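Novice: Quick one: the structure is below, questions incoming.
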2 protein chains.
Amino acid sequence: MIPTKQEVVEACDRVKPYVHNTPVLKSSFINELVGAEVFFKCENFQKMGAFKMRGATNAILQLSETQKKAGVVTHSSGNFAQALSLAAKNLDVKAYIVMPENAPQVKKEAVKGYGGIITESESTPIARETEAERIQKETGATFIHPSNNRNVILGNATSASELLQSHPDLDCIFTPVGGGGLIAGTSLAVNYFGNNCKTIGGEPFEVDDAFRSLQSGKIEFNETTNTIADGLKTFLGDINFPIIQEFVSEIIRVEEAEIISAMKLIWERMKIIIEPSSAVAFAALLREKDRFKNKKVGIIISGGNVDLKNLPF
Amino acid sequence: MIPTKQEVVEACDRVKPYVHNTPVLKSSFINELVGAEVFFKCENFQKMGAFKMRGATNAILQLSETQKKAGVVTHSSGNFAQALSLAAKNLDVKAYIVMPENAPQVKKEAVKGYGGIITESESTPIARETEAERIQKETGATFIHPSNNRNVILGNATSASELLQSHPDLDCIFTPVGGGGLIAGTSLAVNYFGNNCKTIGGEPFEVDDAFRSLQSGKIEFNETTNTIADGLKTFLGDINFPIIQEFVSEIIRVEEAEIISAMKLIWERMKIIIEPSSAVAFAALLREKDRFKNKKVGIIISGGNVDLKNLPF
């Protein structure tokens, strides 16, 4: 069942005390380049540096007191691991994070820094799911999926809700597409609060599972994941896919070189640090800019967590 | 003669249509680390990426119509070259920029991109001054010094003026110290609009000419300039030094490693791109943070123009 307008409104009220109403930035250089008015919703300035803080916070806030006492568990080596750790810490809840043993040390440190309790597993999907199940059984913790969870999706919807509250006349909002949690949430907000507004996804050609899923009508997967956009390697789930099918207008695919060039353009011209996954949404707009002439375009800058020692330029 | 409050107010009104009222950002992580409430005035988001846009704009706006027709000239290989070029372009005035022949190609391209007319000179102070004088004679253009010019200083004062307008209860404002134009302007604003507010400079030990000038009571120079803060290698001038003597409370010196670490901290935690010179002001606060416990501290982030191919981390 698709979440209602009332549920999105309630999620906004619920997470408000725990997340930043992130700034919306503009650049006259970029407006001229694109030929449209572009509004960047800066979730890279969100707590822990990504929109994932919203979904994680909303999901924990929806647990019963008994559930909160037993804690939460997820598997992630990326932003959701940090988001769930910090959201849990803010709400005095334990967060168990299953991370692949070969995850970068810097990511493990970040999770620990936010108070997450790390369990290492082999880096296969089955190994991490088995480990997460073991923790659920042993501790009674509630499993919270990074993107395929109704309350996570509702939490993610709060970013576009804020953007549409300050800019109600946007013609479209672009987001990157990875596990589908951000674009599903965004499309809910666009549907309920937009004024003839469209939700558009940006996805790397290298991991275009969501593009293919929309074409075939069933969840597709990637055989390889050779993309710099490390947050977008995952695939859709049974909870977010129906929302995406219902409310997302289109997904535009982009080449790796376009992602890097879009990322560099934003770093150099806007002086903000965005991660490659965030650049995918902007790259999609740049690729098809002729179709968006004179439009008002929102872009969700999903996050800014990058390894400064390993930049693509 | 020290500029009056009325002159600062007029400069604010004058440049307002041509510059951004830049955002003020905060970070709870940094507040906790410093033990103070820190407000970052983000001139890295200013047009052309630095506060210099303010002084350049104010200086050109103060010219007579005859002077404007003949154009402006300066010598700079840094942000002021870009600032004067863009400010002149916005006001339909010609800008002649004397740059050392060995200046990085990327900086020359930036100046050209903003419409500046470049003349190359040898990279000695005498060669560039001779070249600037030749242009003045041949074209009738008005020479505008990057930092030692009354109207440039008044334009620079508008950043701290905006900061104090939105945050009137700041206890102090930190700026980096290079040629002295920013800190002089800031100290004017602090003196006229602050409420028991102090102006504090940050300066690299490697080029601590301003620190020594305040001690000796005369303008001192640097024998070497081995600092990563490439905007701070210049020395004070006869117009800004008396203002600095009158209104600046102190200058705190920092090591190169402190500059790099402060810069990295802001990139990683605030997700904004600042140049090494900007990090010097924050590094000064970090070095002496025990003295600023529980204070409200403003920091002018002077600019964000960095070479992404040549980062210190």
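The values are calculated or read from the model by the stated rules, or taken from the named source; none is laboratory data. Keep in mind that what you see is a predicted model, and the values were worked out from it rather than measured. Neighbour counts are summed over all protein chains in view; Cβ atoms, including those assigned to glycine, are modelled from backbone coordinates with ideal geometry. For accessibility, only protein heavy atoms count, side chains too; no ligands or nucleic acids. Shrake-Rupley method; radii C 1.70, N 1.55, O 1.52, S 1.80 Å.
Novice: Is it the case, given these coordinates, that residue B:51 is over 14 Å from the mean Cα position of the chain (by Cα), crowded, with 21+ Cβ neighbours inside 10 Å, within 14 Å of chain A (Cβ to nearest Cβ) and at pLDDT 95 or above?
Specialist: Considered against the rule, which asks whether it is over 14 Å from the mean Cα position of the chain (by Cα), crowded, with 21+ Cβ neighbours inside 10 Å, within 14 Å of chain A (Cβ to nearest Cβ) and at pLDDT 95 or above, residue B:51 comes out as no.
Novice: Still on this structure: Tell me, yes or no, whether the stretch A:250-271 has at least one residue that is surrounded by fewer than 20 Cβ atoms within 10 Å (Cβ to Cβ), over 30 Å from residue B:45 (Cα atoms) and either away from chain B (no Cβ under 14 Å) or not charged (D, E, K, R) (or both).
Specialist: Yes, the stretch A:250-271 contains a residue that is surrounded by fewer than 20 Cβ atoms within 10 Å (Cβ to Cβ), over 30 Å from residue B:45 (Cα atoms) and either away from chain B (no Cβ under 14 Å) or not charged (D, E, K, R) (or both).
Novice: Tell me whether the stretch A:49-60 contains one or more residues that are among the β-branched types (Val, Ile, Thr) and without any contact (Cβ under 8 Å) to a residue 60 or more places away in the chain. Write out each step before concluding.
Specialist: To start, the set of residues in the stretch A:49-60 that are among the β-branched types (Val, Ile, Thr) comprises A:57, A:60.
When the remaining residues are screened for being without any contact (Cβ under 8 Å) to a residue 60 or more places away in the chain, the result is none.
No; the residues of the stretch A:49-60 include none that is among the β-branched types (Val, Ile, Thr) and without any contact (Cβ under 8 Å) to a residue 60 or more places away in the chain.
Novice: Among A:103, A:88, which is of a type in the set (A, V, I, L, M, F, W, C), outside any strand (DSSP E or B) and modelled with pLDDT under 95?
Specialist: Details: A:88 fails: modelled with pLDDT under 95.
Among A:103, A:88, only A:103 is of a type in the set (A, V, I, L, M, F, W, C), outside any strand (DSSP E or B) and modelled with pLDDT under 95.
Novice: I would also like to ask the following. Considering (1) surrounded by fewer than 21 Cβ atoms within 10 Å (Cβ to Cβ); (2) over 18 Å from the mean Cα position of the chain (by Cα); (3) more than 14 Å from chain A (Cβ to nearest Cβ), say which one residue B:211 fails and leave the rest.
Specialist: With respect to (1) surrounded by fewer than 21 Cβ atoms within 10 Å (Cβ to Cβ); (2) over 18 Å from the mean Cα position of the chain (by Cα); (3) more than 14 Å from chain A (Cβ to nearest Cβ), residue B:211 is out only on (2).
Novice: Moving on to the next point. Looking for whichever is of a type in the set (Gly, Ala, Ser) and either closer than 13 Å to residue A:200 by Cα or not assigned by TED's automatic domain parsing to the domain that holds residue A:220 (or both) here; the options are A:257, A:284, A:262, A:279. Which one fits?
Specialist: Values: A:257 fails: either closer than 13 Å to residue A:200 by Cα or not assigned by TED's automatic domain parsing to the domain that holds residue A:220 (or both); A:262 fails: either closer than 13 Å to residue A:200 by Cα or not assigned by TED's automatic domain parsing to the domain that holds residue A:220 (or both); A:279 fails: either closer than 13 Å to residue A:200 by Cα or not assigned by TED's automatic domain parsing to the domain that holds residue A:220 (or both).
Unique residue meeting the criteria: A:284.
Novice: Sticking with this one: Can you name the residue in the stretch B:56-80 that is closer than 27 Å to residue A:266 by Cβ and part of a helix (DSSP H, G or I) and, of all such residues, is nearest to the other protein chains (Cβ to nearest Cβ)?
Specialist: Filtering the stretch B:56-80 for residues closer than 27 Å to residue A:266 by Cβ gives B:56-57, B:76-80.
Filter once more, keeping what is part of a helix (DSSP H, G or I): B:56-57, B:79-80.
Details: B:56: 17, B:57: 15, B:79: 13, B:80: 18 Å.
This residue is B:79.
Novice: Going by the conditions given, is residue A:227 modelled with pLDDT under 95 and either open to solvent by 60 Å² or more (accessible area, probe 1.4 Å) or assigned to a loop (DSSP other than H, G, I, E, B) (or both)? Break it down into steps so the answer makes sense when it comes.
Specialist: Working: modelled with pLDDT under 95: no; either open to solvent by 60 Å² or more (accessible area, probe 1.4 Å) or assigned to a loop (DSSP other than H, G, I, E, B) (or both): yes.
For residue A:227, the condition - modelled with pLDDT under 95 and either open to solvent by 60 Å² or more (accessible area, probe 1.4 Å) or assigned to a loop (DSSP other than H, G, I, E, B) (or both) - is not met.
Novice: Any residue in the stretch B:248-262 that is under 23 Å from residue B:194 (Cα atoms) and touching a Cys at 6+ places or on another chain (Cβ under 9 Å)? Write out each step before concluding.
Specialist: Residues of the stretch B:248-262 that are under 23 Å from residue B:194 (Cα atoms), as a first pass: B:248-252.
From what is left, the residues that are touching a Cys at 6+ places or on another chain (Cβ under 9 Å) are B:249.
Checked against the condition, which is being under 23 Å from residue B:194 (Cα atoms) and touching a Cys at 6+ places or on another chain (Cβ under 9 Å), the stretch B:248-262 yields at least one hit.
Novice: So, one more: Here are the criteria: (1) within 20 Å of residue A:266 (Cβ to Cβ); (2) in a strand (DSSP E or B). Tell me which single one residue A:20 does not satisfy.
Specialist: (2)
Novice: Got a number for residues in the stretch B:295-313 being touching an Asp or Glu at 6+ places or on another chain (Cβ under 8 Å) and more than 14 Å from every other protein chain (Cβ to nearest Cβ)?
Specialist: Initial filter on the stretch B:295-313 (touching an Asp or Glu at 6+ places or on another chain (Cβ under 8 Å)): B:295-297, B:300-306, B:308.
From the residues that got through so far, the ones that are more than 14 Å from every other protein chain (Cβ to nearest Cβ) too are B:295-297, B:300.
Of the residues in that region, 4 qualify.
Novice: Residue B:132 versus (1) touching an Asp or Glu at 6+ places or on another chain (Cβ under 8 Å); (2) in the same structural domain as residue B:76 (by TED's automatic domain parsing): which is the lone unmet condition?
Specialist: Tallying (1) touching an Asp or Glu at 6+ places or on another chain (Cβ under 8 Å); (2) in the same structural domain as residue B:76 (by TED's automatic domain parsing), residue B:132 fails exactly one: (1).
Novice: Residues in the stretch B:190-208 that are acidic (Asp, Glu) and open to solvent by 10 Å² or more (accessible area, probe 1.4 Å): how many? Before you say what the answer is, go through the steps one by one.
Specialist: Keep residues of the stretch B:190-208 that are acidic (Asp, Glu), which gives B:203, B:206, B:208.
Now drop any that are not open to solvent by 10 Å² or more (accessible area, probe 1.4 Å), which leaves B:206, B:208.
Count: 2.
Novice: Could you tell me how many of the residues in the stretch A:175-206 are within 12 Å of the chain's Cα centre (by Cα) and either more than 15 Å from residue A:303 (Cβ to Cβ) or part of a helix (DSSP H, G or I) (or both)?
Specialist: Qualifying residue count for the region: 8.
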